[in-house]
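Enquirer: Below are the structure tokens for one structure; questions will follow.
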Amino acid sequence: MLERIVPLSLRARRSHGARAVVTGAGSGIGRAFAVELAARGGQVICADIDQARAEETVALIERTRPGVAYAFRCDVSRRADVEVLARFAESVFDQPVSLVINNAGVGIGGKPVGAIGFADWEWALGINLWGVVHGCEIFTPMLREKGHGGIVNVASAAGFAAAPSMAVYNTSKAAVLSLSETMAAELSGSGVAVTVLCPTFVKTNVAKDGRITAQSMKLAETLMRWTGFTPEHVARVTLDANDRGSLYVLPQLDAHLIWRLKRYFPAQYTFVLGLLERLLPQDDSTTPDRAAVTDKTGV
């Protein structure tokens with residue numbers, strides 16, 4: 001009923017003139033989302049666990065559009081923080097939020113199941129999965145009541161690629177993908193569009209900031225350098241997709257290839273992954289623990 005009173009031109013341009021909340025906005029894809037939303041005439045709350053990084057993003061936006069961006073410190077793994085974020089957004093905008101980008105996340109990988117340790121599972125799932133759950137559970141009722149808006153959940157091609165030695169990351173992204181698909185069905189016809197972003201490699205600093213073995217980090221950085229898209233490109237493509245009401249965004253050709261190979265040749269796909277795992281050099285040393293991680297990449 002509410003959707004009928006919202007002009008089609010507005011429903012088709014959710015990212016334009018939006019009142020947006022972006023988590024993990026201190027760098028990488030999150031920063032790119034925030035800057036692009038401001039360029040599209042919107043107001044944006046740049047939420048990040050690192051206050052200084054959030055303020056840097058606001059400063060970038062202020063150069064061309066002063067007075068439309070606000071920094072907010074938020075640990076998305078803490079439900080109370082996200083609840084305060086929602087109240088802050090309503091007070092700043094003086095109107096309901098119209099677009100939520102659940103982007104905050106961490107990179108983790110390089111060890112097989114059994115050698116990961118529960119501390120790393122809890123740390124990464126707390127941010128990558130529970131951070132998105134908190135954002136969806138808290139903001140969805142507001143968007144549904146408004147009858148217009150969008151939700152973008154940043155997942156990864158890792159959610160369906162199932163690469164070895166990335167169980168924690170894969171699990172968190174697969175859950176975000178499934179959550180987004182479920183929400184898209186639940187919100188069908190409500191005027192609220194759900195989009196899930198599943199990139200492979202994006203040129204961010206997630207490999208440096210996460211809990212990743214040194215060997216895996218070196219490989220990830222190489223792949224980002226040679227095959228990764230810029231965060232700005234990914235943000236634009238994703239916002240355009242949400243405007244159209246598209247559920248899936250696989251911005252790179254390799255993500256589409258992985259999707260199809262696993263679907264049509266599952267046994268062969270798993271065999272090749274196992275072979276690669278045995279051939280790649282192993283390294284148990286991990287990168288330093290940097291809990292204040294804000295961006296996302298893909299596989």
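Enquirer: Mind ranking 236-245, 114-123 by how tightly packed they are, going by the mean number of other C-beta atoms within 10 angstrom, highest first?
Expert: 236-245, 114-123
Enquirer: When only the heavy atoms of the protein chains count and the probe is 1.4 Å, how do Met183, Met166 rank by accessible area, highest first?
Expert: Greatest to least solvent exposure: Met166, Met183.
Enquirer: Using a 1.4 angstrom probe and counting only protein chains, how large is the accessible area of Glu90 in Å², to 10?
Expert: Counting only protein heavy atoms, Glu90 exposes about 80 Å² to solvent.
Enquirer: Among Ser91, Thr64, Asn128, which residue has its Cα furthest toward the positive end of the charge dipole of segment 1-132, with +1 on Lys/Arg Cβ and -1 on Asp/Glu Cβ?
Expert: Thr64
Enquirer: Right, another one. Can you list, largest first and rounded to whole Å, the semi-axes you get for segment 35-75 by taking the square root of 5 times each eigenvalue of its Cα gyration tensor?
Expert: Numbers: eigenvalues 61, 19, 9 Å².
Its equivalent ellipsoid spans semi-axes of 17, 10, 7 Å.
Enquirer: Another question, then. Counting only protein chains, not ligands or nucleic acids, how are Thr64, Thr140 ordered by accessible area (probe 1.4 Å), most first?
Expert: Most to least solvent-accessible, the answer reads Thr64, Thr140.
Enquirer: Right, here's the next one. Summarise the accessible area of segment 1-121 (1.4 Å probe, protein heavy atoms) by the percent that is carbon and sulfur.
Expert: On the way: 2910 of 5380 Å².
Summing carbon and sulfur atoms, their accessible area is 54 percent of the total for segment 1-121.
Enquirer: Considering the convex hull of the alpha carbon atoms of segment 3-122, report its projected area averaged over all viewing directions, in nm², one decimal. Working shown, then result.
Expert: Details: hull surface 38.1 nm².
Mean shadow area of the hull around the Cα atoms is 9.5 nm².
Enquirer: Sticking with this structure for a sec: Just order 148-155, 29-36 by mean Cβ neighbour count inside 10 Å, highest at the front, would you?
Expert: 29-36, 148-155
Enquirer: Under 5 Å between amide hydrogens, which residues at least 5 positions from Tyr248 or on another chain qualify, with H placed 1.01 Å from N in the peptide plane?
Expert: Those qualifying (amide H under 5 Å, at least 5 residues apart or on another chain) are Val196.
Enquirer: With a Cα-only, solvent-free Debye model of segment 57-186, what are the log10 I(q)/I(0) values at q = 0.15, 0.16, 0.20 Å⁻¹?
Expert: -0.79, -0.87, -1.15
Enquirer: Take Glu145, Glu232, Glu62 and sort them by solvent-accessible surface of the protein heavy atoms, 1.4 Å probe, largest at the top.
Expert: Result, largest first: Glu145, Glu232, Glu62.
Enquirer: Once ligands and nucleic acids are excluded and a 1.4 Å probe is used, how much of Arg73 is accessible, expressed in Å² to the nearest 10?
Expert: 120
The values are calculated or read from the model by the stated rules, or taken from the named source; none is laboratory data. Fair warning: this is a prediction, and the values are worked out from it, not measured in the lab. Cβ atoms come from the backbone with ideal geometry, glycine included; neighbour counts cover every protein chain shown. Just so you know, the surface numbers come from the protein's heavy atoms only, side chains and all, with ligands and any DNA or RNA stripped out. Shrake-Rupley method; radii C 1.70, N 1.55, O 1.52, S 1.80 Å.
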